[in-house]
Amino acid sequence: MKCEQPRRSYKIVQRRIMKMKIIHFFFPLFGFMAANFLGRFLGSEGSAIMTTGLCLNSFGLQDRGVYWNEIKTALDQAPSQTEYNRLLDFENRDLKIREKKQELYSLFQQVLSQHPNVLENAAYTPQEAFIDFFNEKRDALDMMHSEWSPAEKDHREIQFLGQVEQDLRTRGPDSVYMTKLLGNAD
């Protein structure tokens, strides 16, 4: 029976993590719809404020207390020190990825506000395009390198996010990623 107990708690942690990821995926869609709806009444400046405010949670950056409590609960339920360390490492990488995406989104918005003409040929809204671009990149990484550990995939994703950030900072609207982020290129 002792062997089954750790598996159950591991499954519980995995389910909670999956639920959090599902919520974090769908939240931006609801936020974007709310921003568009309210933007009609507030005008373009109000819409931009609403979209930016709602995007703070687009990458799963919740209130620190709530987020830490969820992590602490999962860590407290770890059946061994090895599992505790694995979960802690996972949460650390996950937070780095979400924070990096949030930084990139702010930079992306800054470039767009300084160069609004870049949006002329956008396939769809900047927020949707941004989220889709990075989700597709992670999905491709998962599919093309299924033999890699999740940690290795996360490290590669963090490296890629760094490359995108560097290119956006250096080249601004001329960045190769601007057209990709806006859905104008494959």
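Any read-out appearing in this document is the output of simple, stated calculations on the displayed coordinates, not a laboratory observation. Since this is a predicted model, take the numbers as computed values, not measurements.
Observations, loosely collected:
- Between segment 139-186 and segment 67-129, the alpha-carbon center distance in angstrom: 13
- Taking amide hydrogens as placed 1.01 Å from N in the peptide plane, the amide H of W148 sits under 5 Å from that of no residue at least 5 positions away in sequence or on another chain.
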